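This report concerns only the one structure given below.
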Amino acid sequence: KKYSAELTIRGERGKTSSKKVTIDLSDGNSTDPEDVNITLDGKFEDWLEVPASMLATSNLASHVEDLVALKEVKLCGNDDYVFFYLKAVNDNEKFMSIQFYIDKNNDAESGFLGWYWSGIGSEFLLEGSKAEDLAPTVFEYDDEKGNGGTEWGAWTEKHAPSAKAIEISEFVVGEGDTVEVEGRILRSYLPELGRTIKVGVALVATNWSASGLLPSKLEDGSLNSPLTVKLP
């Protein structure tokens, strides 16, 4: 928490001098939803204010040679939104769409197991086109049809892209032929999110193959863990 304090000194002749200061008593571990809020202005400065305990981040690993189109991901959230920051190649063929795989309850025993990360059972998949400002189709996984989380066809469309489950800033061209964007996923489209969720992010090329993946696979080629995101 932040507090304002004012110190006033009175001299022998009655003159006073005052000074106001702000005292920050936060230890960086607060889960107060007021501590996390990202303005979608494309400046990205407020990501520096997110408490470390509430920020999940992943960068492209140096050993990766194939799925390299997605460079960096940051995630955090409050009571209303899951916020994200992305840095990717500025190439519309390699960055056609993005996929957010979300494990709502930090439980790999339910949801889609997939082939990108270990220890994640995704109940939700958000797939949005770059050309449509990432407005996603929201899919929910049907465990009864999922054959233990292995059947891709068990995804059921819950919301069409017109529902605007994602809002974003403008895309900002950065250094090294990259593009950056920040956005927020409306939690109302993702019912029953727990206080700890897992998220994996994949970039999709125009041929519908994966072109980027975060977190990256491990150096020996095995699957990495997804990002763990703490929510209030």
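Test of understanding: what is the full-extension gain from W152 to N106, defined as 0.36 nm times their sequence separation minus their Cα-Cα distance? Intermediate values should be presented prior to the final figure.
Details: separation 46, 0.36 × 46 = 16.56 nm, distance 1.98 nm.
Full extension from W152 to N106 adds 14.6 nm.
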Modelling each spin label as a point 7 Å along the Cα-to-Cβ direction, I'd like the W208/N59 distance in nm, to one decimal. 3.5
Distance from the Cα centre of the range 57-129 to that of the range 177-191, in angstrom? 11
In order through the range 127-133: 3J(HN,Hα) via Karplus (6.51 cos²θ - 1.76 cosθ + 1.60), integer Hz, x for Gly, Pro: 10, x, 8, 4, 5, 10, 6
Return P(r) of the range 113-232 (all Cα-Cα pairs; 10 Å bins starting at 0; whole %; ordered from short to long distances). 11, 38, 40, 10, 1
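Take every Cα pair under 8 Å in the range 62-182 that's 6+ residues apart, average their separations, divide by the length, and report that relative contact order as a whole percent. Spell out each step's value before the answer.
Details: 234 pairs, mean separation 26.0, N = 121.
It rounds to 21 percent for the range 62-182.
In cubic angstrom, how much convex hull volume per residue do the alpha carbon atoms of the chain span?
Values: hull volume 37.0 nm³, N = 232.
So the per-residue hull volume is 159 Å³.
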Roughly how many nanometres apart are two label points built 7 Å out from the Cα toward the Cβ at W47 and D220? 3.1
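Listed highest first by mean packing, meaning other Cβ atoms within 10 Å per residue, what order do 224-230, 212-218 come in?
Numbers: 224-230: 19.3, 212-218: 21.6.
Taking the mean over residues of other Cβ atoms within 10 Å, the ranking is 212-218, 224-230.
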So which residue, out of F83, F100, F44, gets the largest mean-square fluctuation from a GNM of the chain using Cα contacts under 10 Å as springs? F44
Show E180, E192, E144 ordered by accessible area, largest first, where the area counts protein heavy atoms only and the probe is 1.4 Å. E144, E192, E180
Which whole-number value in Å³ per residue fits the convex hull of the alpha carbons of the range 27-137? 146
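The values are calculated or read from the model by the stated rules, or taken from the named source; none is laboratory data. Since the structure is predicted, the reported quantities are computational estimates derived from the model, not experimental observations. As a convention, Cβ positions derive from the backbone with ideal geometry for all residues, glycine included, and neighbour counts pool all protein chains shown. For the accessible areas, the whole protein counts, side chains as well, though only heavy atoms, and no ligand, DNA or RNA atoms are used. Shrake-Rupley method; radii C 1.70, N 1.55, O 1.52, S 1.80 Å.
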